[in-house]
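Asks: For reference, the structure I am asking about is given below.
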Amino acid sequence: MLRGCRACRHTWGGRIGIDRRATARPEGCRGRALKVFISHGSGMDRDVETARKSIVACLTERGYDVFTDVDKLRVGDEWHPVLFEEMYLCDAAIVLLGPQTIRQSDWVRREAEVLMSRHIVRSLRTVLPLFIGTRDTKEARRRGFGHLLTLQAELGSRQDNPMPAGEGVPVAGFADWIAAEFAPVVGPTGAAREFHQWVSRISGFLKSARLQNSDTIVEAASALNCTDDEILHVRAKVGAELFLAHVLLREGEVVRRGEAESGLSGALAALRPGLAGSQLAQLKEEVVPGWVDPSDAESFTPPRTEGAAKDRPLVLLSAWAPWTAEQHVRRNVHNAPGGYRLRALPRAGCLPADESPGEDALVDLCRAALKSVFGLPPNMPLSPDCVRPGLRTGEYLVVDATGRHLPDVAGAVNRVHADFPWVTVVVLVPDGLPSPEVLHRLGIDRAVPVVLGDGVEIRAFRLDQILTDVVGAAG
């Protein structure tokens, strides 16, 4: 608690500000970590202060963005807007109440009213009240904490992780109970905003499934061979879906390494009772790119600038299907909606009988595909003057070298890059990558090679087919 305590803060003129050094986050990353707001009267109740410190340390270690005034506020600017903003942005809230807080703190009561009003209209899923060192429900109701007492009774009577109650409960017991309600935040934070957004989209589907059928995500975790500890995290009240979303993407490692059968099909089947067919299909599209090696996917990163000729983006991918190239692109852009535009040329054997062979014909095919990539009307002529690189959308052209002469492919790629140097060209070379000497002679030694391990493409393609069958069964 700040010196002076909440109960008499109005006598200071209300000039307390937020410590931006403690809470600053990179631009555009709101919601990167789940936010937990802790309302407390620890300046009045010693046991509440002990519980607050323990809970803050535990949740921070688990990856949550925890807000308490004593940690995040300092003397300076307006404090009312900061506190109300935090109360309306938080993903979960904890209210710590001791006997003196109940009797004296009007501000904690106001915070409790705001948090419970959000909880009642379902805009705040989790509010956890802890009455520490007191069972004086009459005084608590008189002071306006009746909603919290009702919620405490509900939490205390449930079968799954019931709330400890009574004056004899040690502070450590309350802290342990809180910890069991929060799954640890898993995966990258900080600069990996796009990855977090990807995981959050997957988490949204899992939340929908859980609301329809609370058993679905636990059964999905079992299908993924989660450990007992991981299933406990999935049963947690806060962060469970985000945790399981990371587990779903982690399953891509199983596919890539081929060490065991993937549990993704069983997981999606378990989620069927909680998701409509269209939702399950969208979830399937979100999780499938997880099989791609992130290091390989980095080779598909769109360039920031057009660069010199030697920097024009070209990838040689040892794969058979344009689908595989698109999966690498989707993994690179974290499957962001609108994150890329990609078109693949027809294979050489799929050309019309009167299609002329050679480099010129291949360039014509590339230009026709690029019109679609750039979003041009069918009859509009394509010229470098009418298109510009997308600001946030990677633009990709996939060329299958099967059945084509490599010199023709190299010549066509260089001519495409002469006009559109920012387009990432992916050349499929399933029969093996050319030697560096050959690439140099053909003028495409800037190419980045990406070699898939034996059987990886087969396992990934089969997984996609199996998941498509699961989704079809749900429809």
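Asks: Which percent, nearest 5, of DSSP beta bridges in the chain are antiparallel?
Replies: Expressed as a percentage, antiparallel bridges in the chain total about 10.
Asks: Could you give the distance between the Cα centres of region 359-421 and region 207-259, to the whole Å?
Replies: 42 Å
Asks: Using a basic spin-label model with each label point 7 Å from the Cα along Cα→Cβ, how many nm lie between Leu376 and Thr60?
Replies: With each label placed 7 Å out from Cα toward Cβ, I get 5.7 nm.
Asks: How many percent of all Cα-Cα pairs in the chain sit more than 44 Å apart?
Replies: Result for the distance tail: 32 percent.
Asks: Follow-up. To the nearest 20 debye, what charge dipole does region 240-313 have about its Cα centre, counting +1 at the Cβ of each Lys and Arg and -1 at the Cβ of each Asp and Glu?
Replies: 120 debye
Asks: In whole Å, what are the extents of region 193-294 along the principal axes defined by its C-alpha atoms, from largest to smallest?
Replies: That gives 33, 28, 27 Å along the principal axes, largest extent first.
Asks: How large is ³J(HN,Hα), in whole Hz, for each residue of region 434-447 in order, when computed from phi with the Karplus curve 6.51 cos²θ - 1.76 cosθ + 1.60 and θ = phi - 60°, using x for Gly and Pro?
Replies: x, 6, x, 5, 5, 4, 5, 5, 8, x, 10, 6, 6, 4
Asks: Say the cut-off is 20 Å between C-alpha atoms; which of Lys35/Lys207; Lys310/Lys371; Lys35/Lys284; Lys207/Lys237 go over it?
Replies: Result: Lys310/Lys371; Lys35/Lys284 exceed 20 Å.
Asks: What is the Cα radius of gyration of region 375-467 over 2.2 N^0.38 Å, N being its residue count?
Replies: Numbers: Rg = 16.2 Å, N = 93, 2.2 N^0.38 = 12.3 Å.
Working it through for region 375-467, the quotient is 1.32.
Asks: Round to the nearest 10 and give me the degree value, 0 to 90, for the angle of helix 359-374's Cα axis relative to the longest principal axis of the chain.
Replies: 20 degrees
Asks: So for the chain, averaging the separation of alpha carbon pairs under 8 Å that are six or more residues apart and normalising by length, what relative contact order in percent results? Write out the running numbers ahead of the final one.
Replies: Working: 746 pairs, mean separation 61.3, N = 475.
Contact order relative to length: 13 percent.
Asks: Can I ask one more? How big is the gap, in Å, between the Cα center of region 272-338 and the Cα center of region 34-71?
Replies: Their Cα centres are 40 Å away from one another.
Asks: Something else: Using Cα pairs closer than 8 Å and at least 6 residues apart in sequence, work out the relative contact order for region 352-475, in percent. Let's see the in-between values first.
Replies: Details: 83 pairs, mean separation 29.3, N = 124.
Normalised by residue count, the contact order of region 352-475 is 24 percent.
Asks: Helix 146-157: angle to the longest alpha-carbon principal axis of the chain, degrees 0 to 90, nearest 10?
Replies: 70 degrees
Asks: Once the Cα atoms of region 116-195 are picked out, what are the Rg and Dmax in Å?
Replies: 15.9, 49
Asks: Starting from 0.36 nm per residue, how many nanometres of slack lie between Ser278 and Arg392 once their C-alpha separation is accounted for? The partial results should precede the final answer.
Replies: Numbers: separation 114, 0.36 × 114 = 41.04 nm, distance 2.70 nm.
That pair, Ser278 and Arg392, stretches by 38.3 nm at full extension.
Asks: A follow-up question, please. Could you work out how much longer the chain between Asp419 and Arg158 gets when fully extended? Use 0.36 nm per residue separation minus the Cα distance between them, nm to one decimal.
Replies: 87.3 nm
Asks: To continue, here is another question. So, with a 1.4 angstrom probe, what is the percent of accessible area on the chain that is carbon and sulfur?
Replies: Of the solvent-accessible surface of the chain, carbon and sulfur hold 50 percent.
Asks: Multiply the residue gap between Thr150 and Asp215 by 0.36 nm, knock off their C-alpha separation, and tell me the result in nm, one decimal place. All intermediate terms of the calculation are to be shown ahead of the outcome.
Replies: Values: separation 65, 0.36 × 65 = 23.40 nm, distance 2.53 nm.
Residue separation times 0.36 nm, minus the Cα-Cα distance, leaves 20.9 nm.
Asks: Return one whole number: the accessible area per residue of the chain in Å², for a 1.4 Å probe.
Replies: In whole numbers, the chain has 47 Å² accessible per residue.
Asks: Mind grabbing the accessible area of His440 for me, 1.4 Å probe, Å², rounded to tens?
Replies: For His440, the solvent-accessible surface is approximately 120 Å².
Asks: Evaluate E = 1/(1 + (r/R0)^6) for Asp176 and Thr468, where r is the Cβ-Cβ distance and R0 equals 41 Å; express this FRET efficiency to the nearest 0.05.
Replies: 0.40
Asks: Using amide H atoms built in the peptide plane, which far-off residues or other-chain residues are under 5 Å from Val426 H to H?
Replies: Distant-sequence amide H within range of Val426: Val315, Leu397, Val398, Val399.
Asks: Using a Förster radius of 56 Å, what is the FRET efficiency between Asp454 and Thr137 based on their Cβ-Cβ separation? Nearest 0.05, please.
Replies: Efficiency for this residue pair is about 0.25.
Asks: Cα axis of helix 193-212 to longest principal axis of the chain: angle in degrees, 0 to 90, nearest 10?
Replies: 60 degrees
Asks: Please list, by residue number, every one of the trypsin sites (Lys or Arg not before Pro) in region 261-325 that is coil in DSSP and has at most 11 other beta-carbon atoms within 10 Å.
Replies: The qualifying sites are Arg304.
Asks: When the Kirkwood radius is taken over all Cα pairs of region 99-242, what Stokes-Einstein diffusion coefficient follows at 20 °C and 1.002 mPa s, in µm²/s?
Replies: Translational D for this selection: 124 µm²/s.
The values are calculated or read from the model by the stated rules, or taken from the named source; none is laboratory data. Note that this is a predicted model, so its numbers are computed, not measured. All Cβ positions, glycine included, derive from the backbone under ideal geometry; neighbour counts span all protein chains shown. To get the accessible areas, we keep the full protein, side chains included, count just its heavy atoms, and leave off ligands, DNA and RNA. Shrake-Rupley method; radii C 1.70, N 1.55, O 1.52, S 1.80 Å.
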